[in-house]
Each structure stands twice: as structure tokens, then as C-alpha cells.
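In what follows, a structure is listed as C-alpha cells, so that the remarks can point back to it.
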């Protein structure tokens, strides 16, 4: 059952929880993954997002998320100007992403020469589903601090990753492990946590021999 | 305490003598693990957002996203001394339109229960506040409204795309009517009756926004919701009962939602959205901003 606070709230920027708040939360996930505002971003709008991106303010909500503004900050309505002061260039393009939710956006960001690409859907009432991070498929609602680990597909790899996380007293809420390539011995793990890992835990994970790459996104508020 | 019907909350309140908002807070604590204190504080913050947005925008015009509304609350604000229906009722309608116009222009809003219906509750609560009802009574009323909305969301829906406008303005009105009864000292049974009477009056209301945008007819429907909620609050407190209990009205609303064709569920294809004027507006707007 939903909390009564979800029924009588939240406080948000209008007009629509699915077209405005949800869009902003997807973009906020990209912001958290990038660890700040990127220099360049391309928003690829799918389905209903493409039709209503002006009339529902979806475009401003998307920009606002990557500017790091909170979801009920009145400045969302002027996010285009804030992007300018932060030096973020943006572009909107139509796209057909196939059989996905009608309110879906692909966000391609470039920050300090590094690229990231996420796909997220706004599924109603401001709730979202991140379905892809750098082409890696996932099902995240953004409510938890999330680790995306690319690791060696060898015995004990997951164990040492989990040990490193739990050693710091951080509890794992959900975990998904996928093999990328048996030949290359590559796999990936998407790990959702109950609390934020410290920088030292993130560094320890990065230095593990079995960890090839690591991305971290804070929970969305 | 495996409660999932509103009548159970009313029964518990009547049998134990605990006020309805306290029963709701305990129900919520068992369900979500959140303490009554935390929920009361967060509810008070939501009321604070409504108060702040109203105070900073009253008497002003708005530049809405599509531009189909924006100066209506200002017109109503200025007309207030002449309102034949009386100051309180007209104030409720004016605040509801103001909050809805603020929502349509990317202002801060409380989705109580949704963005499109976010004018109804402040219309009612802020009018009560202006009339001298204490703030903590309003917070209690809002908590009771949360329970009404939660029951609707579990057994029916709060989404126009799923069940039409009856699920948005209809639910918002039932919630606001219940809040008003509770905040002004009515009994739990009167809360339930006010919610049932409101939802029955808006049963079958379709979601037909012009172009699919949250402006026409959404903004003005918030006014009718607020006025209806205040009226049924008094009707219920006068002792009038809903022949059909609230929980059964909710089930009926769910069935009506399922029977509703897709064109009348937020697609911008039926009802008001299907009129020649609406089609013309939608066409011009989408031509202007084609990606």
C-alpha cells in the first residue's frame, strides 16, 4: 500500500507528475551517475514525451534534473537559463526506442570527455524505471544508492565485491548479476544499497582486481 | 491491523473514541513503519507549501505552458466583493483556480492527489484557515484526507489515464470534503458520508484535456471540486447520509473507470478535447513545437 504522504503529496513542480516530475527524476539519475552537470547532453524523446515535451514542460524538467536542482524548486521553470550559466549545452531529438513505455527518454551526456547513456521511463505518479545504463539492461527505480560494476566472470568475483561492500556496514537491498561474455570472462552486477557507501568503499571496490569498471549513482530525492 | 476499507477506520475510531486522524496515523505506522510524529511533520510541510504558494501568487497572473488559462484567478480575486454565492465559497473557488494555474505554469504544487487536481485541497483548507480554523486541525484533516485517497488508490485509482477525471478531481473532492468535516469537528461517520456524497456527484467524469495538456478543462474543474467539497462537508454535518457507503462508491468508481473508453482517459481524443475549437488549438500548438 502507498504511504498517505504519497497520496497527499509530494510537493513538486507542475503540471504533471508523469510528464514533469518523472522526467526530472530520470534526468536526476543521469546527473547522479555523472557526478554533476555535464558539458553536453542530447535528450532523445520517445512516444508521448515527443508529443508533449513543450506543453507539459518536459524539456525544462529534463534540463533541470541535469542542473542538479531539487524536484520542487521553483527554478525548474527557468532551467534553460540555469543550464546556460552552468555551461551545459543541450539538444532535443526525436527517437523510436521500440517497445518501451510511451514516456521514455534516452539521455546521452558528455562530461570531461566521458560519455554516458541512460534510458528511463516515467511510469506514473512521478515514479520512474531506468531500463538501461551504458547499454547495460537494468530495472531501477532510483530510490536506492546504486552501483554498476563491470567485473571478471571468474569464481569468487561477486563474493569479494559483496564482502568489500558489507565490510563497511552497508546493506545490499537488491542485486542483479549478468554475464556479458563467457569468452572475455566479463560480467556485470547492478547493486542497490540501503545506505550511501563512503568514498573509501568506492575506492576499495575500484582497486579490486576483479572490478573492471565501476559507476555509482546516489539515490534520487 | 489489516485494514483496507474506510469503514474499518471509522469503526475503530467510534469504538475506541480515538479521533479519526489518530487511527489513520496508527494504521500508517503499522503499514509503512513511519512514526505518527514524522507523518504529522511532513503533512504540515505540505500544508506549508500550499500556504506559501497561495500567499506569493494571490492576485497575480500566470504565464502557463500552453497559454489557455492564466488570468482567471486574478479576475476572480478582484470580483470577490461582488460574489453572490458568498465570500467563503467564492474564495475556495478562487484559491483552487489560482493553485491550478500555478501548477499549469510550472509553479510549485502539492500533488494532492495529482498535479491536475492540486487546486481542490488548498481551495478548501486555506478557506477554512482564513475563517479561523486552527492550523493543527487542518493538518489532522489532511491526514484523514490521505486515508480517503489511499483507500481510493488501493480499490480504484487516482489516475486520469486509468479511470478518468472522476479519479482525479473526483478523488480530490472526496478527500477535501472529508478533510473539511474532520477539521471543523465533524464525526468519522460524517467524514465518510461527505466523501461518498462528493464522489457520487462526480462519478463518471471523463478526463478530456485539450491537446492532452493540464489546462482546459482541468483548471476550472478544480473550482467546482473545492466548492462541492465545502458544500458536502456541511450537508454531511447536517446529518444527511449517503445511502451507498463510501467503500461501495469507490468500488463503483473503479468499475466505471474500467468501462470508460480510452478516448476519455487523458488521451486528449474525446470529450471537450474532441470539439472543433479544441482540435484547432491542439493542431496549432503541436505545429509550432514539432521536434
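The values are calculated or read from the model by the stated rules, or taken from the named source; none is laboratory data. Predicted model only: the values in this text are computed from it and were never measured. Glycine gets a Cβ as well: all are built from the backbone with ideal geometry, and neighbour counts include every protein chain shown.
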- Message: Just to be sure before I move on: is residue A:153 crowded, with 17+ Cβ neighbours inside 10 Å and at negative phi in the structure I sent?
- Response: yes
Among B:273, B:252, the single one that is buried (at least 21 other Cβ atoms within 10 Å of the Cβ) and either in a helix (DSSP H, G or I) or more than 14 Å from chain A (Cβ to nearest Cβ) (or both) is B:273
Reported set for the range B:147-179 where residues are part of a helix (DSSP H, G or I), at the interface with chain A (Cβ under 10 Å from one of its Cβ atoms) and surrounded by fewer than 24 Cβ atoms within 10 Å (Cβ to Cβ) is B:153, B:154, B:161, B:162
Going through the range B:20-60 in order, the residues found to be in a loop (DSSP other than H, G, I, E, B) and in contact with a helix residue (DSSP H, G or I) (Cβ under 7 Å, 6 or more places away or on another chain) are B:34, B:35, B:58, B:59, B:60
Exactly one of B:129, B:134 is without any contact (Cβ under 8 Å) to a residue 24 or more places away in the chain and farther than 24 Å from residue B:5 by Cα, and that one is B:134
Sole miss for residue B:215 among (1) touching a residue at least 60 places away in the same chain (Cβ under 8 Å); (2) part of a helix (DSSP H, G or I); (3) surrounded by 24 or more Cβ atoms within 10 Å (Cβ to Cβ) is condition (2)
In this structure, does residue A:89 turn out to be free of Cβ contacts under 8 Å to residues at least 12 places away in the same chain and more than 10 Å from chain B (Cβ to nearest Cβ)? no
Counting only residues in the range A:101-128 that are in contact with a helix residue (DSSP H, G or I) (Cβ under 7 Å, 6 or more places away or on another chain) and part of a loop (DSSP other than H, G, I, E, B), the one surrounded by the fewest Cβ atoms within 10 Å (Cβ to Cβ) is identified as A:102
Taking the range A:36-57 and keeping only residues that are touching a residue at least 40 places away in the same chain (Cβ under 8 Å) and either surrounded by fewer than 23 Cβ atoms within 10 Å (Cβ to Cβ) or more than 14 Å from chain B (Cβ to nearest Cβ) (or both), one is left with A:36, A:37, A:38, A:39, A:40, A:41, A:42, A:44, A:46, A:47, A:48, A:50
Worksheet item: Do we have any residue at all in the range A:18-26 that's within 10 Å of another protein chain (Cβ to nearest Cβ) and farther than 19 Å from residue A:77 by Cα?
Response: no
Taking first residues from the range B:54-71 that are within 14 Å of chain A (Cβ to nearest Cβ) and second residues anywhere that are exposed (fewer than 14 other Cβ atoms within 10 Å of the Cβ), the pairs with Cβ under 7 Å that are 6 or more apart or on different chains are B:70/B:63
Reported set for the range B:115-134 where residues are within 14 Å of chain A (Cβ to nearest Cβ) and outside any loop (DSSP other than H, G, I, E, B) is B:120, B:121, B:122, B:124, B:125
Among the residues of the range A:190-214, the number that are touching a helix residue (DSSP H, G or I) at 6+ places or on another chain (Cβ under 8 Å) and within 11 Å of residue A:164 (Cα to Cα) is 5
Expected single match for farther than 24 Å from residue A:61 by Cα and not in a loop (DSSP other than H, G, I, E, B) among B:80, B:98 is B:80
The helices (runs of 4 or more DSSP H) lying entirely within the range A:1-100 that contain at least 3 residues which are under 30 Å from residue B:5 (Cβ atoms) are A:4-7
Q.
Against the condition away from every other protein chain (no Cβ under 11 Å), buried (at least 24 other Cβ atoms within 10 Å of the Cβ) and either modelled with pLDDT of 95 or more or within 15 Å of residue B:191 (Cβ to Cβ) (or both), how does residue B:144 come out, does it pass?
A. no
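Results for (1) crowded, with 18+ Cβ neighbours inside 10 Å; (2) in contact (Cβ under 8 Å) with a residue 40 or more places away in the chain, shown as yes or no for each residue.
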| residue | (1), (2) |
| --- | --- |
| A:138 | yes, yes |
| A:145 | yes, yes |
| A:164 | yes, yes |
| A:183 | no, no |
| A:190 | yes, yes |
| A:209 | no, yes |
| A:218 | no, yes |
| A:221 | no, yes |
